[in-house]
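Here's the structure we're looking at; comments come further down.
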Amino acid sequence: MEVPEYPWLSNQFQRRVKNKFKMFHFVLANHQLYIYESSSHLLPAKIFSLDDLVETQILRGSIFDISFTNGRLELRSQSEEVANRWVQGILESQRVKQLDSDKRNIRVWFPDNNYLNVAILEGVTTAEELWWLVCEATCLNHASRPAFSIYAEGKSLSLLLRSSQKVSEVFDHWDFLEKKFAKNISGPLKFVFKPTPTLSSTMERNIKDEKATHIFYAHAVSLVENNFYILDIEEAISLAGLKAYLTLGEYNPETHTPGYLESRISVFIPKYLRDERQPQEWENLIGDEHESHVGKTPYIAKLLYLQLLRQRPYYGSVFFRVKNKSIRNNNGILFVPKTLTH
């Protein structure tokens, strides 16, 4: 069946508090409105359910109103267009939830931040069935499918779902699960389709499916971007050149002219290394590496990216952010070797 689109919106708004407007970060997801003190805050200051929505409307220009049975918000956005998008998004999210009481429409995310809309049956669809629906929709070949699993993830908790778990129950009890395992409620739940922790490097290398390789690559990029793999300068340049090829296309001196990378250094080089070179020097180093991949296919470039990371003894391990400062390393990361996840 065709699954209706529903909003997942994120914006900074000014909220009226005691006759003054103060900036907050708002996220509309999973039929709930999350309000954060700022985009960097882990825990929301307030959560409203769209089940309690009374009305939402444009008041004037870029100022709009959201009324709930347990509170009212008056917000000022950057533009009238953004205000209209949020009013329509809230109404659409509420409408989709009411379409069929036996069905729920969810998003399943991939490591590259793309997503798939999937319709599940309330209290019936299991994690294994959701996994199968995603595999079918993405046309993964059958040999590569066991390499991936469905995770439930929030800002402070990531759970690998058991095959028999009911997806709607995980959804409904997410606040309880966060309190139980992470001791707080951090924000919206995402279902994520990504590599399973019991996949060995040998098994991964033997998978030749281009779609599976793309997911492996996207997952590896996200780990590098979040500093789970700590790189030296040579490694960072090699990976940056491959990433430049895959995001900016094959090197072309007519379009990739001087300065094409200088403003994007933060996209390609980890923060902890950026001060090691001047921006122009980074551009020259990454640009040379980018040019060296002329003639390769995207598939080969992704394999080369993965090959560089697979040389690490802890490649494929499960990583956790460590809150106890007395036991964490300088980057605040603890990893569980793959051999311990079998």
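The values are calculated or read from the model by the stated rules, or taken from the named source; none is laboratory data. Just so it is clear, the structure is predicted and the values come from calculations on it, not from any experiment. Here Cβ is always computed from backbone atoms with ideal geometry, including for glycine, and neighbour counts include all displayed protein chains. What goes into the accessible areas is simple: the full protein's heavy atoms, side chains included, and nothing from ligands, DNA or RNA. Shrake-Rupley method; radii C 1.70, N 1.55, O 1.52, S 1.80 Å.
On the basis of being among the hydroxyl-bearing types (Ser, Thr, Tyr), out of contact with any Cys (no Cβ under 7 Å at 6 or more places or on another chain) and modelled with pLDDT under 95, does residue 292 make the cut?
So residue 292 does not fit the description; no.
If you go through the range 194-238 and keep only what is under 17 Å from the mean Cα position of the chain (by Cα) and aliphatic (A, V, I, L, M), you end up with 215, 218, 220, 221, 223, 224. Scanning the range 251-307 for residues being among the hydrophobic types (A, V, I, L, M, F, W, C) and not in a helix (DSSP H, G or I) gives a total of 3. Per this entry, residue 112 is counted among residues that are closer than 30 Å to residue 48 by Cα and surrounded by fewer than 19 Cβ atoms within 10 Å (Cβ to Cβ).
Residues that are hydrophobic (A, V, I, L, M, F, W, C), modelled with pLDDT of 90 or more and within 22 Å of the chain's Cα centre (by Cα) within the range 113-147 comprise 127, 130, 131, 132, 133, 134, 135, 140, 147, listed in sequence order. Regarding residue 121, is this residue open to solvent by less than 70 Å² (accessible area, probe 1.4 Å) and among the aliphatic types (A, V, I, L, M)? Criteria not met by residue 121.
Residues that are among the aromatic types (Phe, Trp, Tyr) and touching a residue at least 40 places away in the same chain (Cβ under 8 Å) were ranked within the range 251-281; the one that is nearest to residue 228 (Cα to Cα) is 272. Of the residues making up the range 170-223, those that are free of Cβ contacts under 8 Å to residues at least 24 places away in the same chain and under 30 Å from residue 26 (Cα atoms) number 8.
Only one entry of 97, 18 meets the criterion of being at pLDDT below 90 and more than 22 Å from residue 190 (Cα to Cα), and that entry is 18.
So which residues in the range 42-82 are surrounded by 17 or more Cβ atoms within 10 Å (Cβ to Cβ), free of Cβ contacts under 8 Å to residues at least 60 places away in the same chain and over 18 Å from residue 31 (Cα atoms), if there are any at all? Correct list: 62, 63, 64.
Give the range 204-217 a look and list any residue that's open to solvent by less than 10 Å² (accessible area, probe 1.4 Å) and either closer than 16 Å to residue 109 by Cβ or aromatic (Phe, Trp, Tyr) (or both), or say none.
Scanning the range 204-217 gives a single hit, 216.
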